[in-house]
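The structure appears right after this line, and notes come after that.
The values are calculated or read from the model by the stated rules, or taken from the named source; none is laboratory data. It should be emphasised that the depicted structure is a prediction, and the values quoted were computed from it without experimental measurement. Note that we place each Cβ from the backbone using ideal geometry, even for glycine, and neighbour counts take in every protein chain shown. Ligands, DNA and RNA are excluded from the accessible area calculation, which covers all protein heavy atoms including side chains. Shrake-Rupley method; radii C 1.70, N 1.55, O 1.52, S 1.80 Å.
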Amino acid sequence: MPFKNFDVRKEVLAGLIGYLTTMYIIVVNGSILNEAGLPLESGMMATILASFVGTLCMGVIGRLPLILIPGMGINALFAYSIVEGSGLSFEEGLAVVLVASVLFLITAFTKIGIILKEAIPDSLKHAISVGLGFFLILIGLEKSGLVVSGSNTIIAIGDFSSPTVIASLLTLFLAIFLFIKNVPANFLLTMILGTVIAYFLGIISPKNGTSMSLNIGELIHLPAFSAVDSLSFWLAVFPLVMILVFENMGLLHGQLHMLKRDESYSKAYQLTAFSTLTCAFIGTSPTVSAAENAAVIASKGKTGLTAVTASILFLLTIFVIPYITVIPATAISPILIIVGVIMVQNIKEIPLNDLSEALPAFLIIAMIPFTYSIADGMAFGFIAYPIVKIAIGKQKELTMSLVIISALFILDFAMKVIGI
């Protein structure tokens, strides 16, 4: 069905639109991977290859017009919580990605995914998304220079006379305008115009770009399992699996319903899980089905040719890496802020009138950005949830899986106290 009676021109055009609306991830994800210790050029290359492989598989095997790219929020979890927060090396972080991807793959081929989905309360699932959103907003504000470490306070407003802050503000207002007006490829335009603004304010020059000097050794990353015997390793695996399962379930259900291809859900879910597995060896945080696929579907993309077109364009981007490395943080940070705001909208799904659900959820939301750790932030909510339920006599609402997860988080905190 997918390759019969279709318009090649419309499919290719939809693939082009999909690429233009998602190519911002090459720079943004490359920048975040750079924070985790990977050279910027290597991070961009890894992002390109992961997007190429995942999207190509979705087009050729799944015959679906869906683009797979490293997920926003997940990349922050990888860089700032799994690598920096847990004290793991980049390669040990990739081992976490590999183990989480294998578990994700198992959920795709068994009923474990459904069991896992039912074990975690919806309020905590939504709280994780909201907490990730606030975390991205904080990172964006920090990268832009709009907030800094204060001398008398933890956080203070940045120096508004600084060219960096001025460029960030101008780019942020421009990004908000383009996004609210729903201008096609608004994130890409934000990066381009933000780079122009930075150039005229003297923040960058054309010489800031780099030459293409990657060798094949820099494209192969082997996960290191030297930390696999530590509890912190497995507590890093847990939030990654949770987010991969819940985020992809939601994205794929919605996108396939728009396509009127609900019967393709299992195959799409399995291919998405396989794509995350390849990321552990390519050297990036896991891919997800891009939220921008809504624009692809609206552009009449219906078949795998759309995804194949986008995947080829991703691969060709390799040749412009020396030019896009010139894009400064002031042009990237507004995108992090807007994506964070989008994720924060999930707060409306939390039952605020039920404190037994809202209180643990808000602990997650607050503690993720305040501890600068997604795993630690989640721990507060997952520990509080059974305590609150038991306190009001609603222990029957607790699942054994949730109690075990809470106990593991308590054990992790206890081990930190005694210095293990």
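For region 10-21, just list the computed ³J(HN,Hα) in residue order, Karplus coefficients 6.51, -1.76 and 1.60, θ = phi - 60°, integers in Hz, with x standing in for Gly and Pro.
Rounded to whole hertz, the list is 5, 5, 5, 5, 5, x, 5, 4, x, 5, 5, 7.
If you plug each phi of region 273-285 into the Karplus form 6.51 cos²θ - 1.76 cosθ + 1.60 with θ = phi - 60°, what whole-Hz ³J(HN,Hα) values come out, in order, with x for Gly and Pro?
Going residue by residue, I get 5, 5, 4, 5, 5, 5, 5, 5, 9, 6, x, 8, 5 Hz, with x marking Gly and Pro.
Keeping all protein chains in the complex and leaving out DNA, RNA and ligands, what accessible area do you get for V417 with a 1.4 Å probe, in Å² to the nearest 10?
Here the residue's solvent-accessible area equals roughly 130 Å².
Carbon and sulfur: what percent of region 1-114's accessible surface (1.4 Å probe)?
Its accessible area is 65 percent carbon and sulfur atoms.
If you line up the Cα atoms of region 279-420 on their principal axes, what length do they span on each, largest first, in Å?
Answer, in whole Å and largest first: 58, 41, 30 Å.
Per the helix-only calculation at 222 nm, which mean residue ellipticity applies to the chain, given -39500 (n - 2.57) for every DSSP H run of n ≥ 4 and division by its residues, nearest 500 deg cm²/dmol?
That comes out to -21500 deg cm²/dmol.
Which value, in Å² and to the nearest 10, is the accessible area of R63 when all protein chains are kept and the probe is 1.4 Å?
Looks like 110 Å² after rounding.
Check V147: other-chain or 5+ apart residues with amide H under 5 Å from its amide H, H built from backbone geometry?
HN-HN under 5 Å from V147: E142, G158.
Once phi is turned into ³J(HN,Hα) by the Karplus curve 6.51 cos²θ - 1.76 cosθ + 1.60 with θ = phi - 60°, what whole-Hz value does each residue of region 168-179 show in order, with x for glycine and proline?
So the Karplus estimates, Gly and Pro as x, are 5, 5, 4, 5, 5, 5, 5, 4, 4, 4, 5, 5 Hz.
How large is the accessible surface of D229 in square angstrom, using a 1.4 angstrom probe and rounding to the nearest 10?
Roll a 1.4 Å probe over it and D229 shows about 130 Å².
With respect to the cross-link table entries K181/K260; K125/K389; K267/K348; K125/K267; K111/K267, which display a Cα-Cα separation exceeding 21 Å?
Beyond 21 Å between Cα atoms: K181/K260; K267/K348; K125/K267.
In region 293-420, if the dipole is taken from +1 on Lys/Arg beta carbons and -1 on Asp/Glu beta carbons about the Cα centre, which of P386, F319, Q345 is farthest to the positive end?
F319
With a cap of 13 neighbouring Cβ atoms within 10 Å, and only residues DSSP puts in a loop, list the trypsin sites (Lys or Arg not before Pro) found in region 90-176.
K111
What does the accessible area per residue of the chain come to in Å², with a 1.4 Å probe and no ligands, DNA or RNA counted?
43
Can you list the residues, at least 5 places off or on another chain, whose amide H is less than 5 Å from the amide H of V288, using H built in the peptide plane?
When sequence neighbours closer than 5 places are left aside, the close amide H contacts are I69, G71.
Suppose R0 equals 51 Å; then what is the FRET efficiency for I342 and I418 from their Cβ-Cβ distance, rounded to the nearest 0.05?
0.80
Which distance in nm do the two modelled labels at E263 and E397 give, with both placed 7 Å along the Cα-to-Cβ direction?
That separation, rounded to one decimal, is 4.0 nm.
Relative to the present Cα-Cα distance, how much length would full extension add between L231 and I61 at 0.36 nm per residue of separation?
Between L231 and I61, full extension yields 57.5 nm more.
Once the Cβ-Cβ distance between S151 and D7 is put in as r, and R0 is 56 Å, what FRET efficiency do you end up with, to the nearest 0.05?
0.35
Treating only the Cβ of Lys, Arg, Asp and Glu as charged (+1, +1, -1, -1), what charge dipole size does the chain show about its Cα centre? Round to the nearest 20 debye.
Values: 20 positive and 23 negative charges, 232 e Å.
In total the dipole reaches around 1120 debye.
Can you list the residues, at least 5 places off or on another chain, whose amide H is less than 5 Å from the amide H of L66, using H built in the peptide plane?
Close amide H contacts, sequence-distant or interchain: A307.
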